[in-house]
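Let me begin by presenting the structure, written as structure tokens, before commenting on it.
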Amino acid sequence: METATAADSRPHIDEALARRLVDTQFPRWAGLPLKLLDPAGSDHVIYRLGEELSVRLPRHADATGQARKEARWLPRLAPHLPLAVPAPVAVGEPGCGYPWPWSVSRWLDGEVATVAALADSVTAAVELAEFLWALQRCTPEDGTDGEAGGTGPAGDAGASTDAGDDAGSAGDGLTGRPLSDRDRATRLAIARYDGVFDGAAMSGLWDAALHAPGWDRAPVWFHGDFHTGNLLTVGGRLSAVIDFGELGRGDPARDLMIAFTLMSARSRAVFREALGVDDATWLRGRGWALATGLNAYSAYAAVSPRVAAQTTRQITQALIG
């Protein structure tokens, strides 16, 4: 959980700040109205800008790399994916007392996916498997012709000019960290919440996941934060995947957390078969679901009933398998 000092160091974000940033850096949008999206995610304050755009302002330092990461990589990956993803328009720079890069993207219509609507949907399970299958088969070279050349994906002044290195190179923010990096924090959380959840079962799953054979194939693309809150639906059908701040390349097991946040046992089995997940990868995926679920529960359960319910389901379903 964040300390009071960390929380107090966050910049104050309100409509007046968002208005100043947009008007000074992108004056052609100065006449468009801003409307706060509430509730938004834990990482960004989001405003709708006019009818076709959204403004995302990171709430904390850990989210500050997302604007440039999405601007660089999503235009490359989007043509290969069967669901819509954010379409970056521009990356704003720090200013007006706000310390970090921020982003403007095309507005995506839709409602956040819910367990009530989709948990038993075999169709949704197959569509999610197809999305991950397509993402994993993208290469670092996919979409190179669409790379921004100094002015961002849509030629916007103020957009990121950092072309960077190829995917998977050191220091690019795309190399996935191993599950073992979460060992200490996860064991502390298991001890802390023994009694809220089954401590012995959590320890057993965690040990098994850490000792499962690792990913021994070439690194593949993963979303990295693939849970219910980052899926949109239109008319009850999946329409988009959002929030690619954890996008990277490595072991795809971490994206299997969606099977435990959203799906029932029946749809989960369909999802696993459609994606062709082997036993070791599935076990590591259960470990990722447990670790990330406990982390989010620790940070937000006391202040967000929605997150508490989502992460409780994620943890208990991961224990079931």
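The values are calculated or read from the model by the stated rules, or taken from the named source; none is laboratory data. For clarity, every value in this text was computed on a predicted model and none was experimentally measured. Note that each Cβ is placed from the backbone with ideal geometry, even for glycine, and that neighbours are counted across all protein chains shown. These accessible areas exclude ligands, DNA and RNA; they are computed on the full protein's heavy atoms, side chains included. Shrake-Rupley method; radii C 1.70, N 1.55, O 1.52, S 1.80 Å.
A compact table of results
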| read-out | value |
| --- | --- |
| Taking segment 1-126 and dividing mean pair separation by its residue count, relative contact order in percent (alpha carbons under 8 Å, at least six apart) | 21 percent |
| Carbon/sulfur fraction of accessible area - the chain, other protein chains in place, 1.4 Å, % | 53 percent |
| With Cα atoms, 0 to 90° folded angle of helix 265-275 axis to the chain main axis | 70 degrees |
| Heavy-atom surface of the chain, accessible at 1.4 Å and reported per residue (Å²) | 45 Å² |
| Under Karplus coefficients 6.51, -1.76 and 1.60, residue-wise ³J(HN,Hα) of segment 68-83 in Hz, glycine/proline x | 6, 4, 5, 5, 7, 9, 5, x, 6, 7, 3, x, 9, 10, x, 10 |
| Angle between the chain longest axis and helix 199-211 axis [Cα atoms, degrees, rounded to 10] | 80 degrees |
| Extension reserve of the residue 183-residue 137 stretch, reckoned as 0.36 nm per residue once the Cα distance is removed | 13.6 nm |
| Net +/- balance of residues flanking residue 313 in space, Cβ distance below 15 Å, scoring K and R +1, D and E -1 | +1 |
| Alpha carbon centroid spacing (whole Å) that separates segment 98-136 from segment 38-63 | 16 Å |
| Förster-model FRET efficiency, 41 Å R0, residue 96 and residue 218, C-beta, rounded to 0.05 | 0.40 |
| Nearest 10 degrees, 0 to 90: helix 122-136 Cα axis against the chain principal axis | 70 degrees |
| Backbone HN-Hα couplings from phi across segment 87-102 [Karplus 6.51/-1.76/1.60, Hz, Gly and Pro as x] | 10, x, 10, 7, 10, x, 9, x, x, 6, x, 8, x, 10, x, 9 |
| Three-way shape call for segment 207-285 based on the alpha-carbon gyration tensor, with the a/c threshold at 1.5 | oblate |
| Rounded to whole Hz, the Karplus (6.51, -1.76, 1.60) HN-Hα couplings of segment 185-191, x for glycine and proline | 5, 5, 5, 4, 5, 4, 5 |
| Selected from 175, 24, 292 as most flexible by GNM, with the chain as the system and alpha-carbon contacts under 10 Å | 24 |
| Nearest-0.05 FRET efficiency for residue 40 and residue 320, computed from C-beta distance (R0 25 Å) | 0.20 |
| Nonlocal amide H pairs with residue 100, under 5 Å, H built at 1.01 Å | 95 |
| Under 5 Å, built H, 5+ apart or other chain: amide partners of residue 45 | 57, 59 |
| Sparse-neighbour loop sites [GluC sites (Glu not before Pro); segment 80-144; at most 10 other C-beta within 10 Å; DSSP] | 141 |
| Gain on full stretching of the segment that runs from residue 198 to residue 269 - 0.36 nm per residue minus C-alpha separation | 23.2 nm |
| Stokes-Einstein D (µm²/s) once Rh is taken as the Kirkwood radius of the chain over alpha-carbon pairs, at 37 °C in 0.692 mPa s | 161 µm²/s |
| Estimated [θ] at 222 nm from DSSP helical runs (n ≥ 4, -39500 (n - 2.57)) normalised by residues in the chain, nearest 500 | -11500 deg cm²/dmol |
| R0 of 25 Å, Cβ-Cβ distance residue 15-residue 108: FRET efficiency to nearest 0.05 | 0.75 |
